[in-house]
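The structure under discussion appears below in the form of structure tokens.
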Amino acid sequence: SLFDADVADPEIDAKLCAPTTSRSGRLVQVAPFRLQDLVQLCRSLVSLKRFDEEFFNDVADYMIASLKRPPEVADKFLGNPFHTLPQIAEVFVKAHFFRSDAFEILKLT
């Protein structure tokens, strides 16, 4: 799963997500999810009314683990907290997804 990627790494290990080749022949590797990426993924599911509890639990687990990392790693994952923190909280609420540990870490961050 892409949620197994280490947010501290610049690229996802090829064992988790095989790189692809661009039209020019350049090798393209994928970066691990940042919180803004997760917001967009979750928003898409909510707009389609696809409230996949397992997916939202995976998002919450990845988010919690990433925010518990050392500050430089957590900050890189977080991006702009004035945007990403309220956005992920809002999308969780719209998805009817309530996990106290997820909201607690958002509150503490």
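Per-structure values
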read-out	value
³J(HN,Hα), Karplus 6.51/-1.76/1.60, whole Hz, each residue of the stretch 102-108, x for Gly, Pro	5, 6, 5, 5, 5, 5, 7
³J(HN,Hα) computed for each position of the stretch 4-12 - Karplus, 6.51 cos²θ - 1.76 cosθ + 1.60, integer Hz, glycine/proline x	8, 5, 8, 4, 6, 7, x, 9, 6
Rg over Rh, two decimals, the chain (C-alpha only, Kirkwood Rh)	1.00
Cut-off under 5 Å, modelled amide H: who pairs with residue 12 long-range	30, 31
Debye, to nearest 20: dipole size of the stretch 1-94, +1 on Lys, Arg Cβ, -1 on Asp, Glu Cβ	400
Set of aspartates and glutamates with alpha-carbon distance to residue 15 below 20 Å, sequence-local pairs under 8 removed	4, 6, 58
Expected-Rg normalisation [2.2 N^0.38 Å, Cα atoms] applied to the stretch 65-108	1.15
Protein accessible area in the stretch 12-109, 1.4 Å probe - carbon and sulfur %	56
Rel. contact order, % - alpha carbon contacts under 8 angstrom, at least six apart, the chain	26
Residue 17 long-range amide H proximity, modeled H, under 5 Å	none
The stretch 20-72: C-alpha gyration tensor shape, a/c 1.5 cut-off, then a/b vs b/c	oblate
Phi-based couplings in Hz for the stretch 27-38 (Karplus 6.51, -1.76, 1.60; Gly and Pro marked x)	6, 10, 10, 9, 8, x, 4, 9, 4, 4, 5, 5
Inter-label distance for residue 30 and residue 83, nm, one decimal - labels placed 7 Å from Cα along Cα-to-Cβ	2.2
Probe 1.4 Å, protein heavy atoms only - accessible area per residue of the stretch 37-109 in square angstrom	60
Bins of 5 Å, starting at 0 and running to the largest distance - Cα pair percent for the stretch 1-46	5, 21, 22, 21, 18, 11, 2, 0
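The values are calculated or read from the model by the stated rules, or taken from the named source; none is laboratory data. Remember, predicted model here, so these are calculated numbers, not experimental data. Here Cβ is always computed from backbone atoms with ideal geometry, including for glycine, and neighbour counts include all displayed protein chains. Side chains are part of the model used for accessible areas, which takes the heavy atoms of the whole protein and leaves out ligands, DNA and RNA. Shrake-Rupley method; radii C 1.70, N 1.55, O 1.52, S 1.80 Å.
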